[in-house]
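The values are calculated or read from the model by the stated rules, or taken from the named source; none is laboratory data. The structure displayed is predicted, hence computed values, not measured ones. Positions of Cβ are backbone-derived with ideal geometry, glycine not excepted, and every protein chain shown enters the neighbour counts. These accessible areas exclude ligands, DNA and RNA; they are computed on the full protein's heavy atoms, side chains included. Shrake-Rupley method; radii C 1.70, N 1.55, O 1.52, S 1.80 Å.
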Amino acid sequence: MAALLALTMLLGLLGACAGDDGGTDAPAADDQTTTTDDMATDDPTPDEPQTPDTPDEPVTPDEPTAPEFTFTRENFPRMDGSTSMVPLGQAVASVLLGESREDVADLAEFNRTTQSFRNLAAGQCDLLLVGQPNAAVFDEMKEAGFEYDLETIATDALIFVVNENNPVDNLTTEQIRKIYTGEITNWSEVGGADEEIIPFQRNEGAGSQALMVKLVMGDTPMMDAPAEYVAGAMGELMEVVKSYDGSANALGYSVYYYANDMNMASGLKILSVDGVAPSAKTIRSGEYPHRNAYYCVIAASEPENSPARVLYDWIVTEEGQKLVAAEGYVSELDVQP
């Protein structure tokens, strides 16, 4: 009996020791549980999929965050603007409506720069994505008592193009001015071949024509161009400069985005001006000389919660600017698309 009692006490002591070891491991088990919970948050089970509303899910550059407003085709702002802004208009509509660019193309059928401002003042559209209009347009709107809100959303530049076989790579601002007044008429005067310069212009009311007057000509009037030297559309100007009379003697101008990012400069050479080649870097920094802004414009009377006002406010946010940059424009904010 004494031996049996001693054996029983020994087994009890061994059991108590085993209980102490288990207690030492308990915190590790708790830590493992916490880690498992964290992993479940990062890698949800099929029963609890993440959605774009989950705070932990990052927004990828090609999926900008839309404003907290439900846009539909019925309430989407009637957009208008410059020809060179059509791709941005399509991108904005695609992101905010969640439709393909092809399906929203009808929402970005723009009537060109100057006319779009007139359409906004007349109530025929709600929002503009637009470049610099003819200066007379601002006078028209002032006389009509039309008040508007305007935000800079991107920067562009007036660039000059020749046929890719033209040996000239650079023109000074003064040389360009003299070409368009008729004082310089031969490429040999600016370092090129002994050939006549054929200087094409845009039609009055075109955004690039307004930029040419504002940025290059100033108070110096341009020469009156023959009708065949005036292009009614940006694409038309690119084509005639590229192939006029089978030679490399034509000169024209456009905006950087249209020529560079829309691949309209194929077969053309974009010239340096004053020794600086236009690029996103030189345009944003101001090194390239002839820059101008792109704007978003709405009527000042737009209510705070109207679709046009919501879009107007969103496009200057970081997410809106990422979309601008992703489309190839030089965004106002220095963001990565």
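Of the residues examined, Ile153 is one that is under 23 Å from Met234 (Cα atoms), in contact with a Cys (Cβ under 7 Å, 6 or more places away or on another chain) and of a type in the set (A, V, I, L, M). Listed by first and then second residue, the pairs with beta-carbon distance under 7 Å, at least 6 apart or on different chains, first residue in the range 186-213 and farther than 14 Å from Phe160 by Cα and open to solvent by less than 10 Å² (accessible area, probe 1.4 Å), second modelled with pLDDT of 95 or more and assigned to a loop (DSSP other than H, G, I, E, B), are Trp187/Val168; Trp187/Ala193; Trp187/Glu195; Trp187/Ile197; Trp187/Asn249. Residues in the range 264-307 that are modelled with pLDDT of 95 or more, surrounded by fewer than 17 Cβ atoms within 10 Å (Cβ to Cβ) and among the polar types (S, T, N, Q): 1 in all. Taking Glu236 and the conditions (1) closer than 20 Å to Gly182 by Cβ; (2) assigned to a helix (DSSP H, G or I), which numbered condition does it fall short on, given that it satisfies the others? Answer for Glu236: the failing condition is (1).
Per the conditions (1) open to solvent by less than 10 Å² (accessible area, probe 1.4 Å); (2) outside any strand (DSSP E or B); (3) aliphatic (A, V, I, L, M), the sole criterion not satisfied by Val310 is (1). Say whether the condition of being modelled with pLDDT of 90 or more, closer than 29 Å to Glu332 by Cα, aliphatic (A, V, I, L, M) and over 25 Å from the mean Cα position of the chain (by Cα) is met by at least one residue in the range 239-262. Looking through the range 239-262, none of the residues is modelled with pLDDT of 90 or more, closer than 29 Å to Glu332 by Cα, aliphatic (A, V, I, L, M) and over 25 Å from the mean Cα position of the chain (by Cα). Filtering the range 313-337 to residues that are over 19 Å from Ala108 (Cα atoms), among the hydrophobic types (A, V, I, L, M, F, W, C) and part of a helix (DSSP H, G or I) leaves nothing. The single residue among Glu99, Glu183 that is open to solvent by 40 Å² or more (accessible area, probe 1.4 Å), under 30 Å from Glu74 (Cα atoms) and either in contact (Cβ under 8 Å) with a residue 12 or more places away in the chain or part of a loop (DSSP other than H, G, I, E, B) (or both) turns out to be Glu99.
Residues in the range 287-308 that are within 11 Å of Pro77 (Cβ to Cβ) and of a type outside the set (A, V, I, L, M, F, W, C): Glu302, Ser306, Pro307. Among the residues of this structure, Leu150 counts as one that is in a strand (DSSP E or B) and surrounded by fewer than 24 Cβ atoms within 10 Å (Cβ to Cβ).
Are any of the residues in the range 124-138 without any contact (Cβ under 8 Å) to a residue 40 or more places away in the chain and open to solvent by 60 Å² or more (accessible area, probe 1.4 Å)?
To start, the set of residues in the range 124-138 that are without any contact (Cβ under 8 Å) to a residue 40 or more places away in the chain comprises 136-138.
Filter again for open to solvent by 60 Å² or more (accessible area, probe 1.4 Å), leaving none.
The answer is no, given that none of the residues of the range 124-138 is without any contact (Cβ under 8 Å) to a residue 40 or more places away in the chain and open to solvent by 60 Å² or more (accessible area, probe 1.4 Å).
In this structure, Ala231 does not qualify as out of contact with any Asp or Glu (no Cβ under 6 Å at 6 or more places or on another chain), closer than 21 Å to Thr172 by Cα and of a type in the set (Gly, Ala, Ser).
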